[in-house]
Amino acid sequence: MKRLLPFAIAGAFGYAVDASVLSFCIGWLGPIGGRALSFACAVLMTWLINRNFAFADRAAAEGKHYEFLRYLLAMIPGGAINWMTYGLAMALLPSGGWKPALAVGIGSLAGMLTNLTAAHTLVFRAHKQG
C-alpha cells in the first residue's frame with residue numbers, strides 16, 4: 001500500500017507524457033501508431049520515476065538495462081488492458097479535441113492495478129542479503 005501513491009504519481013506523469021506525445025504525433029501516425037509511440041515514451045518515463053521513488057529500495061543497482069526490459073515486458077498485460085479500454089473509449093466517446101487525451105486517461109486507470117502488481121512482483125524484486 002505504501003507504494004500506491006508514488007506509483008499513481010508516476011502514472012500521472014506517464015499519462016501526461018502519453019497524452020502529450022499522442023497529441024503531437026496523432027496527425028501523422030494516426031491513433032494506433034501515435035499511441036504506440038506515446039505508450040513507449042510513457043513506459044520509459046514511469047520506469048524512471050518508479051525506480052527512483054516508488055521502488056527505490058528495490059531498484060537494481062546494476063543491470064538497469066535488464067530491469068528496464070523486465071519493466072517493459074511486465075507492463076504488457078496492463079498495457080493490453082489500457083489499449084483495449086483506450087480503443088473502446090475512442091469508439092464510444094463523442095467527438096472532440098479532448099477525446100484522445102480522455103481515452104488515454106481512461107485506459108491508464110484501467111491498467112494501473114495490473115501494472116502495479118507486475119512492477120512489484122516481476123520487476124522491482126526484493127534483493128537478497130549476502
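The values are calculated or read from the model by the stated rules, or taken from the named source; none is laboratory data. All values reported here derive from a predicted model rather than from experimental measurement. For neighbour counting, all protein chains shown are included, and Cβ atoms are generated from backbone atoms with ideal geometry for every residue, glycine included.
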Please state which one of 70, 58 is within 18 Å of residue 44 (Cβ to Cβ), modelled with pLDDT of 85 or more and not aliphatic (A, V, I, L, M). 70
Screening 78, 97 for residues that are in a helix (DSSP H, G or I), small (Gly, Ala, Ser) and either at pLDDT 85 or above or more than 20 Å from residue 12 (Cβ to Cβ) (or both) leaves only 78
Out of everything in the range 75-130 that is crowded, with 18+ Cβ neighbours inside 10 Å and of a type in the set (Ser, Thr, Tyr), what residue ends up being farthest from residue 32 (Cα to Cα)? 114
Please work out which residue is nearest to residue 103 (Cα to Cα), limiting yourself to the range 50-63 and to residues that are surrounded by fewer than 19 Cβ atoms within 10 Å (Cβ to Cβ) and touching a helix residue (DSSP H, G or I) at 6+ places or on another chain (Cβ under 8 Å). 53
Near pairs, Cβ below 9 angstrom, 6+ apart or cross-chain, from the range 78-96 (in contact (Cβ under 8 Å) with a residue 40 or more places away in the chain) to any residue that is hydroxyl-bearing (Ser, Thr, Tyr): 78/114; 78/117; 79/114; 82/108; 82/114; 86/108
Name the single residue, out of those in the range 1-42 being of a type in the set (Lys, Arg) and not in a helix (DSSP H, G or I), that is surrounded by the most Cβ atoms within 10 Å (Cβ to Cβ). 3
